[in-house]
1. Return the distance in nm (one decimal) between the two label points of a simple spin-label model at residue A:60 and residue B:182, each offset 7 Å from Cα along Cα→Cβ.
2. Just counting partner chain Cβ atoms within 10 Å, what average do the residues of peptide B:215-227 show around their Cβ?
3. So what is the relative contact order for segment B:35-338, in percent, with contacts set as C-alpha pairs under 8 Å and at least six apart?
4. Show me the three semi-axes of the equivalent ellipsoid for the protein assembly as shown, from the C-alpha gyration tensor (sqrt of 5 times each eigenvalue), largest first, rounded to whole Å.
5. Among B:123, B:327, B:175, determine the one that fluctuates most according to a GNM of chain B built with springs between C-alpha atoms less than 10 Å apart.
6. Other chains near A:392-399: what is the mean number of their Cβ atoms within 10 Å of each residue's Cβ?
7. Residue A:177 versus residue A:253, label points 7 Å from Cα toward the beta carbon: distance in nm?
8. Please give, to one decimal in nm, the separation of the simple spin-label points placed at residue A:349 and residue A:27, each 7 Å out from Cα toward the Cβ.
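We did not get these values from a lab; they are worked out from the coordinates using the rules stated. Here the structure is a predicted model, which is why all the values come from computation and not from measurement. Here the Cβ positions follow ideal geometry from the backbone for every residue, glycine too, while neighbour counts run over all protein chains shown.
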C-alpha cells in the first residue's frame, strides 16, 4: 500500500457490555481500494467492532478518523452518510417490498419533496444491479422471492446507492454456492478497482488468501495483529494469533480412561440422523459417564444436530435410541420422557421463564413429581428445587428469587438443575458457557464433569475449541454439516481442531480417502471450497499438500488475487 | 411417572427449610400485594364517590346486590379470559359465545328439557366453541386474534340465525326462580355465589395446580416451555376450552338474570373482559397475571357503570372514564415494574 493516509483509522476502540469487555483497545486501519480481512474466533469482538464502525454501537473509548477527520457515527444513518455501508450476515431487507423499493428505502427518489418516483428508482436500481453483474434481477420483483445470493446482491446494491467508500461484509459467503462466491469475489474486485475499500469478515482462510490484501486478527477483544499481508502470512501464524490465549481455562480432571471391567452399554445411540441442508447422516454413541464434544463453527450444524437428537427438529432420516429403544422422531416430550435434557444455546429465549422464580424454572420439567391429580405440593417442590440448586452450588442460595436476577453462570446452573431434578440421563449442552463470565466458567466445567461422574452422558457443543478439548473425552469435529474428524480429546490440540473446522488445509483422518477433496489447488475456476454438500467424511476439500502435524511447515498458498472478470 | 432407573439419582425431597419465605420473596409478595391494594383503593374511592353523590341509592342493599349480580356474568367470562391472556393468547369471541350459548339454551326445544337442559346446553355450546377455537389455534397454527375474531363473527351470525332477531323468553320456572329474591342465600344472590365459586376455582387452578403453572410457562416463554417438555399445543387447547366453559356458565347466568336469550347478549364482553384483566395486572404479552386483580378489575368497572347510571350520566362519559382508567392502570403498573 502506498503511504497515503488511510481511509479509515480506528484507534484504541473500547466497548464494554455488562460483564464483558468486548473490545479492549482495538486498532483497525483500512486503505482505499483494499480488501481488509477481519479474522478472529467467535466472541473475539469482530461483530462489535463492525457495529461500532456502522454506528450501531457507540464506543466507550478510542477514536475514529475517516479520511483524515475525526468522526463519531451516532447511528447507522450517520455512518451511511459518511460513506460506510455494512452488509450484515442476516440481511436486513424488507421481504414484502420490491428490489427497487429496498434499494432506495429511506432515500427514495422524489419530486417536489414527497412524490415518490418509482420509475427513476427502478432505472437506477437496474443500473446498480448491472454494475454488480446481476442484470437478470428484476427491480420490480419482491425481495422475498429472491434466493439468498440474490438478496445479498440487493443488499450490495443498496450500499452502492449511497456514495459509499467502505463496505463491511460480515461472512458474505456463508450462504452462497461456490459459483456465487466467485461472482461475489468478482464484484469485490470491481469495487476495489474503483477505489472502494472492503472490510471482509470470514472464517474461511482460503477465501482470505484469494481476495484479501491485509489481515487484522482479533482475539479476546484485542487486535493481536494489524494489517498483516494476507497472502504471505503463514497459516500457522494466523492460527496461532487467533488461538494464543490471555485467558486461562481451568478444566476438571477427567475420570481415568480405562476403568476396570467392560465399558458400559451406550445410553444414547444416534444412527444416520440427517437433515437436508443442515447436517449429513451422523452416527454417534454416548455412554454413561462420558462427555462427547462437537466442535465446529456457527453454521456447521452443531446446534441443529443437538436439537434434532432432542426432537425439537424432525430428522429427514435416521433415528435416535435411548437404551436401545427408538425415540419418536420430532417429539421433545418423548425425548424428555426417555431421559434427555437440553440446555439450549439461547438460554433466555429457549430455556428460562424470565418472569418466574428459580424454583419454578427448575421444577417446570418435573411438575408431575410434585403433584397428585394436577394438584401441586409446593412444599415438596420448593425443597426439591432447593436440593438440586444446592447440589450445583447455585448462587444465591435461595431458589425463591426471580431467575432474571441471576448471573449468566447461575442461570445456566438453574437449567442444569432442572434436568438434574428430572433425573435426566443424557444431557445435551449447547454453548454452555455463552454469556458466562470467565471466572464462573471453571465452576461450570466442574459441575458438568461432576454430572458425568455421577453417570450422566453429556453431549457438548461449543464454538470455543479449548472448551471442547478441555471438557470432553471424545471430540467430533464438524465442518459444514459433516463430521470431518473423530478423536479422543487428548489426541487433539487447538490449532489442529481449528485447521479442521476452518477447512484451511489438512484433511481429516488418514489422507481423506473417499472424500470430496478433489477440488485441489487454489486459483481454479470453481474455487477451493469445502465438500459442498456431497457426502464423504474424509477430505475437507481444498487439500493442499498433506501437511501432517500442526507444527508442520506452513502451506503458503499462492493465489492470483481477484479472479479474471 | 415412568422413568427408567436413573444413575443421576433424582434429587430427593427434604423437608422444607424453615426460612421458606426469605427476604426477596417477601418483597415480591409485598409488591403483588401492593397491586391488589391499589385496586382495592380505587374500589374504595369509587364507593366514596358513589356514597357522596348518591348517599341513599348507592349504599342501598339492593344496589350493592345489583352491582355484584351484574359483575357476575362478565366476571366469570373474565376469569377464563385471564387464563388465555396469561398464556399469551387472546379470546375475542367470548361475547359471541355468550350470545350463542344463551340463545341455544333458550330455544323452545331446549327448554323442553327444563333446568338441566338449559344449563347443559349453555355449557356444552360454550365448550364446543372453545374447542373449535383451541383446535384452530393449537393445531391449526392460526393466530389467536384471527381465529377468535372468526369465531366472534360466526357465533354472532349463528345466534342471529337461531333467534331470527327475536327475544326468547324463558318459561322454565326453576331457572327464573334462581334470579328471584327468595333464592338469595344470606342476602347473596345465587349468581354471585357462582361468580365467587368460579373465582375461587380459577385462583386455585392458576396458583396451585400444574395446569396453572403450564399456562404461565406457555405464556412466559412458549419455546422454553416446549423444550422443557411441556405439551404446549395441548395446553393451548385446554385454555380455550376453559374460556369457552366460562362463557357457557356466564351465558347461563345471563339467562337467569334476564329471563331470556337474545342474540345481542354479551355485546362487547370481549373488550370488558380484556380491560378488566389488564387493569388487574395481567400482561397482555403473557406470562404473568392474577385472578384476584382481574376480578377486582371487573368490580371496578361494574361500580363505575353503576355510579354513572345512578347519577344519570351519559354512557358516552362512562366509556371515556373507562378508557382513562385502563390507561392510568397500565401506566402505573409500568412504572411499578421498571423501578
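1. With each label placed 7 Å out from Cα toward Cβ, I get 8.0 nm.
2. What the average comes to for B:215-227 is 6.
3. 35 percent.
4. Taking √(5λ) for each Cα gyration eigenvalue gives 59, 35, 26 Å.
5. Maximum among the listed residues: B:327.
6. For this peptide, the per-residue mean of nearby foreign Cβ atoms is 1.
7. With each label point 7 Å from Cα toward Cβ, the separation is 5.5 nm.
8. Result for the modelled spin labels: 3.7 nm.
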